Amino acid sequence: MNLADYKGVLVYIEQRDGEIQKVSLELLGKGKELAEKLGEKLSAVVLGHNIKALANELIYHGAEKVITVDHEVLKNFTNEPYTKALTAVINNEKPAIVLVGATSIGRDIAPRVSARIHTGLTADCTSLDIDDETRNLMMTRPAFGGNIMATIICPDHRPQMSTVRPGVMLKLERNTSNTGDVIDFDAGLNAQDLNVEVLEIVKEDHKKVNIEDAKVLVSAGRGIGSKENMNPLYDLADELKGEVSGSRAVIDNAWLDKDRQVGQTGKTVRPDLYFACGISGAIQHIAGMEESELIIAINKNPDAPIFEVADLGIVGDVSKVLPLLTEELKKSKK
Ligand code: FAD
């Protein structure tokens, strides 16, 4: 492999029902900065069916070149045809860097593509930069449960691939005077590539909550133990007409939706009352809730850092404390 053959930054644009996902625009913002440091071009690739109209929007957000692969088999996301198409685009374009959003789709497609093109992939990055000396991409991500930040490089293979967490990078201001090239690429797809047939898509009935507006938040941490153990938190939240939120550990475990995450990479909240249940009090969590009016922490470890920001602390097992609390509240209402 001749590394010098690989140039520029390519961002995989995730679209769902023809809607560009925010993380892709954020990656164009970061990609532009990296491309400028390298003195090279920023390109975007969008896969789907009837998606050519999206190209201009990508140019307005910084892409200098947009590659579209428009084919019937790409109508719904399924991993085989999407992997084949993206692999073909990368083999043709030879970018030095490929950025993909660390969404469920991005996490599905990026490792498959990296394996097919025999390169490395750093997943879930929170920061990206160029090493001035070597021009390698420095990909930084939390490691060992978020206790250290590891910077990873891929010096011997190209492209350097990375998935990036949504909400971390900044998108550029939309500029309608930007211009760029749009290329329709034939990835050699055919009906046989579709090894899975989507019969029906059932969308989750999603009650949109805005935890930033809640007056009371009952927030869950890893100490809750499982999704099933979340029920006492809902009971308490119901009793206090509040909402349930959580630490990133809870969102990563899929016990709650991402829009309920409190903290540096979640939401910053300032309710009248914040319950921290089984949350240790990592700096990234505290950054999102320390301005709450009254903080009550429940943790079985008396030395947990959450007690340093709490107005009231209860040392105990959250599964025992919460039902008692709800029961007392109910009694006091009678
Ligand atoms: P843990 O740290 O595992 O703590 C669990 C706690 O539960 C412990 O204190 C334990 O004593 C207690 N416990 C266990 N069992 C029980 C029980 N039965 N009863 C009572 N207590 C119990 N985190 C966020 O929350 N929000 C963010 O936005 C965020 N952004 C991040 C961004 C970056 C760049 C990085 C590196 C990290 C980020 N994190 C974020 C992660 C953060 O560092 C912590 O890893 C995370 O907050 C830990 O979640 P936790 O407190 O729920 O879990």
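The values are calculated or read from the model by the stated rules, or taken from the named source; none is laboratory data. Bear in mind the structure is a predicted one, so any value in this text is a computation, not a measurement. Here the Cβ positions follow ideal geometry from the backbone for every residue, glycine too, while neighbour counts run over all protein chains shown.
Quick look at the numbers
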read-out: Selection from the stretch 167-226 of residues that are more than 30 Å from Leu240 (Cβ to Cβ) and of a type in the set (Gly, Ala, Ser); value: Ser177, Gly180, Ala187, Gly188, Ala191
read-out: Val182 being in contact with a Leu (Cβ under 6 Å, 6 or more places away or on another chain), in a strand (DSSP E or B) and modelled with pLDDT of 95 or more; value: no
read-out: Filtered residues of the stretch 118-149 (kept if under 24 Å from Pro81 (Cβ atoms) and crowded, with 19+ Cβ neighbours inside 10 Å); value: Thr119, Leu121, Ala123
read-out: From Gln264, Gln284, residue being within 6 Å of the ligand (Cβ to nearest atom), farther than 12 Å from Ala214 by Cβ and part of a helix (DSSP H, G or I); value: Gln284
read-out: Breaking point among (1) within 20 Å of Ser127 (Cα to Cα); (2) of a type outside the set (A, V, I, L, M); (3) touching a helix residue (DSSP H, G or I) at 6+ places or on another chain (Cβ under 6 Å), for Gly29; value: (3)
read-out: Cβ pairs under 7 Å, 6+ apart, first in the stretch 153-168 and within 19 Å of Ile109 (Cα to Cα), second buried (at least 18 other Cβ atoms within 10 Å of the Cβ) and aromatic (Phe, Trp, Tyr); value: Arg158/Tyr6; Pro159/Tyr6
read-out: Tabulated pairs, the stretch 312-324, first charged (D, E, K, R), second within 8 Å of the ligand (Cβ to nearest atom), C-beta under 8 angstrom, 6+ apart or interchain; value: Asp317/Lys300
read-out: Subset of the stretch 240-254 (residues that are charged (D, E, K, R) and either more than 9 Å from the ligand (Cβ to nearest atom) or buried (at least 22 other Cβ atoms within 10 Å of the Cβ) (or both)); value: Lys241, Glu243, Arg248
read-out: Hey, Ser43 among the polar types (S, T, N, Q) and outside any helix (DSSP H, G or I) or not; value: yes
read-out: Unmet requirement for His61, which otherwise passes all of (1) at pLDDT 95 or above; (2) surrounded by fewer than 24 Cβ atoms within 10 Å (Cβ to Cβ); value: (2)
read-out: Any hit, the stretch 218-238, residues being in a strand (DSSP E or B), free of Cβ contacts under 8 Å to residues at least 40 places away in the same chain and of a type outside the set (Ser, Thr, Tyr); value: no
